[in-house]
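Encoded as structure tokens, the structure appears first; notes follow it.
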Amino acid sequence: MTDIRTVGVVGAGQMGNGIAHVCALAGYDVLLSDADTARIDAAIETIRGNMSRQVHRNTITQADADSALKRIKGAGKLTDLGAADLVIESIVEQDDAKRKIFADLKAALKPTTILASNTSSISITRLAATTDRPDKFIGIHFMNPAPVMKLVELIRGLATSQETYDTSVKFVESLHKTIANAEDFPAFIVNRVLVPMINEAIYTLYEGVGSVEAIDKAMKLGANHPMGPLELADFIGLDTCLSIMQVLYDGLADSKYRPCPLLVKYVEAGWLGRKTQRGFYDYRTDPPTPTR
């Protein structure tokens with residue numbers, strides 16, 4: 001079984017910095033890579049701030065945070081990931097972009113390195129076929145935000161070896177996460193259930209059944225959801241929600257997965273949710289105000 005000591009994370013966005021945070025706290029050396037080196041610096045500052053909050057909440061000690069931050073190093077180029085025993089891709093939810101990353105990684109990695117994708121919907125088997133090691137490829141899907149959420153979905157591709165799976169189980173458990181095994185079908189388990197619910201909430205808004213405020217209030221107080229579906233869509237990112245719905249619609253060929261035209265319109269406008277300050281809510285005001 002591969003002994004994982006150094007973890008490479010490709011993509012320093014919201015999910016990537018969360019994965020780096022969790023791995024460093026668990027004692028792994030982390031190489032954080034992004035095509036934009038400024039994003040690496042910003043990610044490390046985000047991790048520093050998030051760990052500071054954990055210290056204030058007494059969930060970790062200051063010594064834990066200091067040690068973890070020292071384990072995280074920037075890797076401006078994919079070739080800087082050569083020392084990694086496991087590389088987790090966590091870039092934009094687009095098939096072509098992910099496959100290009102895995103193709104580019106071929107020359108950089110040791111033969112024993114395990115490759116994983118944090119994809120929330122795309123075929124693990126198809127991504128693995130882009131690599132020189134489909135037997136050492138697996139889906140390790142963290143929930144957002146990774147430092148808080150307890151679940152990780154593990155998805156085996158057609159060629160994933162038992163050794164790769166066993167090593168991945170050991171790794172995820174070392175992060176104090178709970179595993180849900182999912183088959184390699186579009187969107188796996190969580191997003192197969194969650195994102196169509198969000199899409200239906202957007203249809204409910206689109207058809208005028210309720211306002212943004214009414215829909216979120218109804219689901220929070222009527223279904224005991226901690227966050228309304230439109231608020232949650234903004235948190236996830238409307239572009240990610242749309243990508244997942246498109247994967248479901250294309251992969252399962254069922255009209256019930258058709259992305260809502262209003263979701264498409266918001267993404268075309270660049271109103272992607274919290275990360276762009278506007279989505280179904282306008283986050284430039286305090287408190288945020290509905291945009292419809």
Out of the residues in segment 16-44 that are charged (D, E, K, R) and at pLDDT below 95, which is nearest to Leu81 (Cα to Cα)? Asp34
Residue that is nearest to Arg156 (Cα to Cα), among those in segment 207-237 that are part of a helix (DSSP H, G or I) and among the small types (Gly, Ala, Ser): Ala233
Across (1) in contact with a strand residue (DSSP E or B) (Cβ under 9 Å, 6 or more places away or on another chain); (2) on the phi > 0 side of the Ramachandran plot; (3) surrounded by fewer than 19 Cβ atoms within 10 Å (Cβ to Cβ), His176 clears everything bar (1)
Among the residues of segment 1-21 satisfying the criterion of being hydrophobic (A, V, I, L, M, F, W, C) and farther than 20 Å from Glu93 by Cβ, which is surrounded by the most Cβ atoms within 10 Å (Cβ to Cβ)? Val7
Only one of Thr125, Thr119 is free of Cβ contacts under 8 Å to residues at least 60 places away in the same chain and surrounded by fewer than 23 Cβ atoms within 10 Å (Cβ to Cβ); which? Thr125
Taking the stated definitions as given, is Asp85 assigned by TED's automatic domain parsing to the domain that holds Gln162 and modelled with pLDDT under 95? no
Looking at (1) part of a strand (DSSP E or B); (2) in contact with an Asp or Glu (Cβ under 9 Å, 6 or more places away or on another chain); (3) surrounded by fewer than 23 Cβ atoms within 10 Å (Cβ to Cβ), find the lone condition where Leu154 falls short. (2)
What residue, of Thr240, Thr204, Thr164, is under 20 Å from Ser120 (Cα atoms) and either modelled with pLDDT of 95 or more or assigned to a loop (DSSP other than H, G, I, E, B) (or both)? Thr164
Where residues in segment 61-94 are in contact with a strand residue (DSSP E or B) (Cβ under 8 Å, 6 or more places away or on another chain), without any contact (Cβ under 8 Å) to a residue 60 or more places away in the chain and not small (Gly, Ala, Ser), which of them is surrounded by the most Cβ atoms within 10 Å (Cβ to Cβ)? Ile72
Search result, residues across segment 257-291 that are closer than 13 Å to Tyr203 by Cα and either modelled with pLDDT under 95 or in the same structural domain as Val92 (by TED's automatic domain parsing) (or both): none
Specify which of the listed residues (Phe137, Phe102, Phe142) is touching a helix residue (DSSP H, G or I) at 6+ places or on another chain (Cβ under 9 Å), farther than 16 Å from Ala20 by Cβ and at pLDDT 95 or above. Phe137
Considering only segment 264-281, state which residues are outside any loop (DSSP other than H, G, I, E, B), touching a residue at least 24 places away in the same chain (Cβ under 8 Å) and within 18 Å of Glu213 (Cβ to Cβ). Tyr266, Gly273, Arg274, Tyr281
Considering residues of segment 123-159 that are β-branched (Val, Ile, Thr) and under 20 Å from Leu25 (Cβ atoms) only, the residue farthest from the chain's Cα centre (by Cα): Val148
Could you say whether any residue in segment 96-116 is buried (at least 20 other Cβ atoms within 10 Å of the Cβ) and either under 21 Å from Ile47 (Cβ atoms) or of a type in the set (Asp, Glu) (or both)? yes
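The values are calculated or read from the model by the stated rules, or taken from the named source; none is laboratory data. Note that this is a predicted model, so its numbers are computed, not measured. Don't worry about glycine lacking a Cβ; one is built from the backbone with ideal geometry, like all the others, and counts go over all protein chains shown.
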